[in-house]
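Chemist: The structure under discussion is supplied below as structure tokens; questions concerning it will follow.
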Amino acid sequence: MATRDLIADKLTKAFAPVSLKVLDESHQHVGHAAHRPSGETHFRVYIVAEAFRGKSRLERHRMVNDTLGAELRGGVHALAIHAAAPGEDGA
């Protein structure tokens, strides 16, 4: 399974998001640290889920990072997270 799909699957199971977008931005990091020719090293996640309501930005990021711990310890070098609760600005 592609890393992007694995990330999406884990986040869906953990948070039942209203909206989820996982972008592989590895192609934008050619020549940067930990980039591999095969890609799948740099990702951006946009997730909107009720689980984030009342949580600080730091708490939300920790929730996502904890869910994706194996991927972050493995081949994923960078993960940009945009986490919101339904109805928040930009959500």
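Chemist: Name the one entry in Pro37, Pro86 that is modelled with pLDDT of 95 or more, over 17 Å from Leu6 (Cβ atoms), not in a helix (DSSP H, G or I) and not basic (Lys, Arg).
Modeler: Values: Pro37 fails: modelled with pLDDT of 95 or more.
The unique qualifying residue is Pro86.
Chemist: Could you please let me know if Arg44 is modelled with pLDDT of 90 or more and not in a helix (DSSP H, G or I)?
Modeler: Working: modelled with pLDDT of 90 or more: yes; not in a helix (DSSP H, G or I): yes.
Against the criterion (modelled with pLDDT of 90 or more and not in a helix (DSSP H, G or I)), Arg44 qualifies.
Chemist: Next up: State all residues of segment 15-34 that are at pLDDT 85 or above and surrounded by 15 or more Cβ atoms within 10 Å (Cβ to Cβ); if no residue qualifies, say none.
Modeler: Phe15, Pro17, Leu20, Val22, Asp24
The values are calculated or read from the model by the stated rules, or taken from the named source; none is laboratory data. Keep in mind it's a predicted model, so treat the numbers as computed, not measured. Virtual Cβ from ideal backbone geometry, glycine too; neighbours counted across all protein chains shown.
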